[in-house]
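The values are calculated or read from the model by the stated rules, or taken from the named source; none is laboratory data. In this text, all values refer to a predicted model and were calculated from it rather than measured experimentally. No Cβ is skipped: glycine too gets one built from the backbone with ideal geometry, and neighbour counts run over all protein chains shown. Each accessible area value is taken on the protein alone, full model and side chains, heavy atoms only, with ligands, DNA and RNA left out. Shrake-Rupley method; radii C 1.70, N 1.55, O 1.52, S 1.80 Å.
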Amino acid sequence: MRFSIANEIFHRHPDYVVGLVYVRDAEVISALPVVTSALSEAAAAVPSSLRRGRLEDHSAINIWSEAFASSGMNSKRYAPSVRALAERALRGDPVPGINVAVDAANIISLRHLVPVGAHDLNRLDGDVEVRLSRDGDSFTPINSDAREDVPPGEPIYATGSEVRTRRWVWRQSDAAKITNESRSLLFPV
């Protein structure tokens, strides 16, 4: 598996950076009390990590709002994953536990206010590329069999023509979903 970023992304966003964490031979379990507790603590700490308690005043959130806008996406309608998590925490809504891998990604996202993805590499055929979508790309939402056509020009994470994450860091596909059977994991940060 190779991870790459297409030049077209750098043309639009010359300062774009992504870090990767790769985990192999993972044992993904549904819940672990220490992880569940850390997720609740990370969510509870979000209001105090923001000046005046406003997401709009935080540079990490603004960067993604600006990146979405410059790519023609409405970040209010399609909130970057980190914004959606932080908004949930600010409302006092619990961040649900999924499994220890996804929960760990959400903890990091909430603590540092950066988007963190969580991909199952065992369900991956080919390489992962961050690029602009093109004709023929399709997306399958989590827990669905219905495929969506993706309009050309949208920043995505893709494997061939299968879109693993839509609108850059907005929503992951069913093909990327980490389950208890997942053993090789990729966390783009």
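Things to note:
- None of Asp135, Asp149 is without any contact (Cβ under 8 Å) to a residue 24 or more places away in the chain, in contact with a Pro (Cβ under 7 Å, 6 or more places away or on another chain) and among the acidic types (Asp, Glu) except Asp135.
- Of all residues making up segment 106-133, the number that are at pLDDT 95 or above, in contact with a Gly (Cβ under 7 Å, 6 or more places away or on another chain) and under 21 Å from Arg183 (Cβ atoms): 0
- Residues that are under 22 Å from Val35 (Cβ atoms), touching a residue at least 24 places away in the same chain (Cβ under 8 Å) and either touching a Ser or Thr at 6+ places or on another chain (Cβ under 8 Å) or not small (Gly, Ala, Ser) (or both) occur in segment 121-131; there is at least one.
- Residue check, Arg111 among the basic types (Lys, Arg) and part of a helix (DSSP H, G or I): yes
- Pick from segment 133-164, criterion among the aliphatic types (A, V, I, L, M) and either closer than 23 Å to Leu185 by Cβ or buried (at least 18 other Cβ atoms within 10 Å of the Cβ) (or both), ranking: farthest from the chain's Cα centre (by Cα): Val150
- Close pairs from segment 26-38: first closer than 14 Å to Ile107 by Cβ, partner among the hydrophobic types (A, V, I, L, M, F, W, C), Cβ under 7 Å, at least 6 apart: Leu32/Val100; Val35/Val100; Val35/Ala104; Ala38/Ile107
- Segment 165-186 - residue that is farther than 18 Å from Val82 by Cβ and of a type in the set (Lys, Arg) and, of those, most open to solvent (accessible area, probe 1.4 Å): Arg183
- All positions within segment 6-48 that are out of contact with any Phe, Trp or Tyr (no Cβ under 7 Å at 6 or more places or on another chain) and of a type in the set (Val, Ile, Thr): Val17, Val18, Val23, Val28, Ile29, Val34, Val35, Thr36, Val46
- Helices (runs of 4 or more DSSP H) within segment 1-107 that include 3 or more residues open to solvent by less than 30 Å² (accessible area, probe 1.4 Å): 33-49, 59-70, 81-91
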